[in-house]
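The values are calculated or read from the model by the stated rules, or taken from the named source; none is laboratory data. In this text the structure is predicted, and so the values were computed from the model without any measurement. Don't worry about glycine lacking a Cβ; one is built from the backbone with ideal geometry, like all the others, and counts go over all protein chains shown. SASA here: full protein model, heavy atoms, side chains in, ligands and nucleic acids out. Shrake-Rupley method; radii C 1.70, N 1.55, O 1.52, S 1.80 Å.
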Amino acid sequence: MESAEAKSRIEWLVAEINRNDRLYYVEARPVIADADYDRMYEELIALEKEFPQYKDPNSPTVRVSGAPIDGFVQVRHEPPMKSLDKCYEKGDLVQFDAFLRREMPGGAEWRYVVEPKIDGVSMSLLYEDRRLVRAATRGNGEVGDDVTQNVRTIRSIPKTLPDDAPDMLEVRGEVYMTRDGFVRLNESLDEAGRQTFMNPRNACAGSLKLLDPKVVATRPLDMVVYNAGGVGCDGFRSHTEMIEAFRRWGFPVAPWSRTASTIEEAIAAIDELGGLRHDFRFEMDGAVLKVDERSLYGGLGSTAHSPRWARAYKYAPERAETVLRGITVQVGRSGVLTPVAELEPVELAGSVISRATLHNADQIAEQDIRVGDHVWLVKAGDVIPAIDGVLKEKRTDAIVPYVFPVACPVCGGPVERLEGEVAIRCVNPGCPAQLQRRLQHFASRNALDIKALGGRVADLLVERGLVKDPLDLFTLDYDALQDLDVGEAGAPRKFGRNALNMKAAVDAARTMPLDRWLFATGISNVGATVARDIADAHERMSDLPGSPVLAEVLANAERKGKDRRVLPIKVEAAKSVLAFFESEYGKAYLERLISLGIDPVRAAPEEKATEGPLVGAGVVLTGSLSRPRSEYAKLIELAGGTVQSAVTGKTRYLVAGENVGATKTEKAKALGTEVIDENRLKELLGIAEKPVQGMLF
Ligand code: IVH
């Protein structure tokens, strides 16, 4: 291709891909087939490689390849990003209306707009020459952080604007984490033995602060644009008109809004919106009432804190009052101390709740939560019970501040807060609570599957000092164990034959494949799927210390731009595995394993089906699926496929469940992976539900 021709072809492809992204992600009405989109994407990648001089820095192909950032540069907001005055009563809205009547020039007429108030992180997006050049958090309103690299990974945010948009434009809005994405993120953090987030807003803020855009790209973030910035928005008569233009230019805008000509109508709209508050993918923490006529804003002006043309109305939260009976501090398998609120049982949004996580010591201290307090209970992300404030007026003198344990509540050993972490950990490797949890994990279904080793037995083995390390299971005297009393107090019951079942399962574990062993070992950041990816790249357990493959993953992460390759192993996981086998415990663990005659090897490929619809196919599962992932994983393996945790060149199918994060499908498309839905997967696996034949009546 001639150079000039390549240039215009690249420009056309960029524009066309951006246009289709907008149709797909913002307007939810794709107009071309996935395969056609893929072809364009691949052509663009190829042309950009051949003619790098024409590669647009905003090309849709560079979205997730940002290199790690050293820190955030500060950005000054002009004009400052103000906040909103809040109110909690309908009467305050009527007063706001009366205030406006007094303040407005004679004869002024205006309409109101009602919008959801999104609970996320306020963000400014700046476009120059219709290209996204900067994204900055609100910070203190005057100065925020430049988080452009991270915000670029958000698929729904346009990276370039159409020709009819102003050359220079700043828009403002809210970046949020989707509610179900938040639940999934916490599940996976939990599985990897890491601290979870308190609510979608914290998870969103935490994600935007990450220094590695690649990790941010995996977080389910999205945005709603709802306000003008400092440039490019002067020409609009009304807010509604402006939002409509934002929508046309490809910005994601609020999925719901109403205009009203009187305050009464506006209040009715706020009530209507209140009924929908649990239905949005974002967490909504109220309604925003705005004057629609932008020409009246200047005359009204603003206070130091907020504009006078808008009010936030906070709905009475769906919450329940209850009493905090106690705080139990649980010790996880990696030693993290998690405080749990023990509550007087209370009904909230359809279920009876008696426990709520308190996350960490900071949360208790920040909210000054004390045992005996009357507290408000809410559901974070509408699902997870959480304490949302203390009724301090009901506090008596007998209720004293809560002191977080300064020693492990189980072993009494020292606790430590690691640099930069909120979590407090028990650092005694022999702590019985950690050991008990590790033992349970070691024996769990996706690990070494030792069924007879349930919670009660794991407790007893640790309590009696029979097991001080999971590997002690291989040297236990199982005959003697038959006499172990596993009954409850007053109802003795012998372990009996189950001891022998356990022995058989422990023997079987000796030959379990490397991925199961690696998962069972309980290294941070190594969940079942990640363990499989790592095992795929190694022959045996003893190859892991100092593994060149893992070292390459770390080296690759340091590289920039096109030198960086897509590797199937996550950086955090590679780091953790290398660190584990370098630690004293890790060394002793492996040595002991070898002396027990165990050096787990990679699952032999012949164990996999050699025929079946998915032979040789890598499959990545993403989004919410109607059946557990582990179930699909089994079926996929039976059909000859391999389940992967991330899309690579070997991935044939990306199964996109509900609410799929954009980055995964984007990456899949870039690598030529077919994106299929759950029904198609069922068809491939031969488990599709048959359509009902005929009518039933
Ligand atoms: S308009 C000058 N509209 O709520 C500020 N703000 O508590 C005008 N927010 O800092 C903002 N949803 O980050 C506006 N639909 C919406 C909003 C919204 C959420 C945030 C915004 C503001 C905070 C105030």
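Condition check ((1) within 23 Å of Asp119 (Cα to Cα); (2) out of contact with any helix residue (DSSP H, G or I) (no Cβ under 9 Å at 6 or more places or on another chain); (3) buried (at least 18 other Cβ atoms within 10 Å of the Cβ)) across all residues:
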site: Arg355; (1), (2), (3): no, yes, no
site: Glu366; (1), (2), (3): yes, yes, no
site: Lys379; (1), (2), (3): yes, yes, yes
site: Gly389; (1), (2), (3): yes, no, no
site: Lys392; (1), (2), (3): no, yes, no
site: Arg395; (1), (2), (3): no, yes, no
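Condition check for Pro68 on (1) loosely packed, with under 13 Cβ neighbours inside 10 Å; (2) modelled with pLDDT under 90; (3) not in a helix (DSSP H, G or I): one failure, at (1). Of all residues in the stretch 271-299, those that are outside any strand (DSSP E or B) and of a type in the set (Phe, Trp, Tyr) have Cβ atoms under 6 Å from Cβ atoms of residues that are open to solvent by less than 70 Å² (accessible area, probe 1.4 Å) and within 13 Å of the ligand (Cβ to nearest atom), 6 or more apart or on another chain, in Phe282/Ile118; Phe282/Tyr176; Tyr297/Trp309. Checked across the stretch 46-60, the condition of being modelled with pLDDT under 90, within 20 Å of Met123 (Cβ to Cβ), of a type in the set (D, E, K, R) and away from the ligand (no atom under 16 Å from the Cβ) holds for no residue.
Assess whether Arg102 counts as being among the basic types (Lys, Arg), open to solvent by 30 Å² or more (accessible area, probe 1.4 Å), at pLDDT 95 or above and more than 16 Å from the ligand (Cβ to nearest atom). When the stated conditions are applied, Arg102 does not pass them.
Show the residue pairs that are 6+ apart or on different chains and have beta-carbon atoms under 9 Å apart, the first residue being within the stretch 38-62 and at negative phi and touching a residue at least 12 places away in the same chain (Cβ under 8 Å), the second being part of a loop (DSSP other than H, G, I, E, B) and hydrophobic (A, V, I, L, M, F, W, C). Close Cβ pairs (under 9 Å, with a partner that is part of a loop (DSSP other than H, G, I, E, B) and hydrophobic (A, V, I, L, M, F, W, C)) amount to Met40/Ile32; Leu47/Met1; Glu50/Met1; Phe51/Met1.
Could we say that Arg194 is assigned to a loop (DSSP other than H, G, I, E, B), farther than 30 Å from Asp292 by Cβ and away from the ligand (no atom under 16 Å from the Cβ) here? Here the answer is yes, as Arg194 does meet what is asked. When Arg138 is tested against (1) within 25 Å of the chain's Cα centre (by Cα); (2) open to solvent by less than 40 Å² (accessible area, probe 1.4 Å), only condition (2) is not met.
For (1) modelled with pLDDT under 95; (2) under 18 Å from Lys86 (Cβ atoms); (3) within 11 Å of the ligand (Cβ to nearest atom), each residue gets a yes or a no:
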position	(1), (2), (3)
Ser257	no, no, yes
Met284	yes, yes, yes
Leu300	yes, yes, no
Thr303	yes, yes, yes
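The set of residues in the stretch 305-329 being within 12 Å of the ligand (Cβ to nearest atom), of a type in the set (Gly, Ala, Ser) and either part of a strand (DSSP E or B) or open to solvent by 20 Å² or more (accessible area, probe 1.4 Å) (or both) consists of Ala310, Ala312. For the stretch 197-209, the set of residues classified as crowded, with 19+ Cβ neighbours inside 10 Å, modelled with pLDDT of 90 or more and either away from the ligand (no atom under 16 Å from the Cβ) or in a loop (DSSP other than H, G, I, E, B) (or both) consists of Ala203, Ser207, listed by residue number. In the stretch 489-521, what residues are surrounded by fewer than 21 Cβ atoms within 10 Å (Cβ to Cβ), under 39 Å from the mean Cα position of the chain (by Cα) and not in a helix (DSSP H, G or I)? Across the stretch 489-521, the qualifying residues are Arg510, Thr511, Met512, Pro513. Taking the stretch 330-407 and the strands (runs of 3 or more DSSP E) fully enclosed by it, the elements with 1 or more residues that are within 30 Å of Ala443 (Cα to Cα) are at 337-348, 351-357, 384-390.
Starting from the stretch 204-233, keep only residues that are farther than 18 Å from Val571 by Cα, then list their pairs with residues that are within 12 Å of the ligand (Cβ to nearest atom) and open to solvent by 40 Å² or more (accessible area, probe 1.4 Å) whose Cβ atoms are within a distance under 7 Å, requiring at least 6 positions of separation or different chains. Within 7 Å, the pairs are Gly230/Pro79. The condition of being among the polar types (S, T, N, Q) and in contact (Cβ under 8 Å) with a residue 60 or more places away in the chain does not hold for Ser354. For the stretch 410-453, residues that are within 27 Å of Arg497 (Cα to Cα) and over 30 Å from the mean Cα position of the chain (by Cα) total 5. Close Cβ contacts (under 6 Å, 6 or more residues apart or on different chains) running from residues in the stretch 103-121 that are assigned to a loop (DSSP other than H, G, I, E, B) to residues that are away from the ligand (no atom under 16 Å from the Cβ) comprise Arg111/Ser261.
Remark: pairs (first residue in the stretch 139-161, closer than 22 Å to Pro79 by Cα; second residue of a type in the set (Lys, Arg); Cβ separation under 7 Å; 6+ apart in sequence or on different chains) = Gly141/Lys82; Glu142/Arg76; Val143/Arg76; Gly144/Arg138; Asp146/Arg134; Thr148/Arg134. Condition check for Thr148 on (1) more than 16 Å from the ligand (Cβ to nearest atom); (2) under 22 Å from Asp279 (Cβ atoms); (3) β-branched (Val, Ile, Thr): one failure, at (2). Residues of the stretch 213-230 being more than 16 Å from the ligand (Cβ to nearest atom) and open to solvent by 40 Å² or more (accessible area, probe 1.4 Å), which ones? Listed by number, the residues that qualify are Lys214, Val215, Thr218.
Only one of the numbered conditions (1) more than 13 Å from the ligand (Cβ to nearest atom); (2) out of contact with any strand residue (DSSP E or B) (no Cβ under 8 Å at 6 or more places or on another chain) is violated by Ser83, and that is (1). Of all residues in the stretch 86-99, those satisfying the criterion of being within 16 Å of the ligand (Cβ to nearest atom) and open to solvent by 40 Å² or more (accessible area, probe 1.4 Å) are Lys86, Tyr88, Asp92. With respect to Ser238, is the statement that it is more than 16 Å from the ligand (Cβ to nearest atom) and either over 35 Å from the mean Cα position of the chain (by Cα) or open to solvent by 10 Å² or more (accessible area, probe 1.4 Å) (or both) true? For Ser238, the condition - more than 16 Å from the ligand (Cβ to nearest atom) and either over 35 Å from the mean Cα position of the chain (by Cα) or open to solvent by 10 Å² or more (accessible area, probe 1.4 Å) (or both) - is not met.
Yes/no per residue for (1) modelled with pLDDT under 90; (2) surrounded by fewer than 22 Cβ atoms within 10 Å (Cβ to Cβ); (3) polar (S, T, N, Q); (4) farther than 21 Å from Ile364 by Cβ:
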| site | (1), (2), (3), (4) |
| --- | --- |
| Gly412 | no, yes, no, no |
| Glu416 | no, yes, no, no |
| Ile424 | no, no, no, no |
| Leu439 | no, no, no, yes |
| Ser444 | no, yes, yes, yes |
| Ile450 | no, no, no, yes |
| Gly454 | yes, yes, no, yes |
| Leu460 | no, yes, no, yes |
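Scan the stretch 157-175 residue by residue and report those that are open to solvent by less than 10 Å² (accessible area, probe 1.4 Å) and either of a type in the set (Phe, Trp, Tyr) or in a loop (DSSP other than H, G, I, E, B) (or both). Those that are open to solvent by less than 10 Å² (accessible area, probe 1.4 Å) and either of a type in the set (Phe, Trp, Tyr) or in a loop (DSSP other than H, G, I, E, B) (or both): Ile157, Lys159, Ala165. Just the residues that are more than 26 Å from the chain's Cα centre (by Cα) and modelled with pLDDT under 95, please, taken from the stretch 108-128. Ala108, Glu109 - these are the residues of the stretch 108-128 that are more than 26 Å from the chain's Cα centre (by Cα) and modelled with pLDDT under 95.
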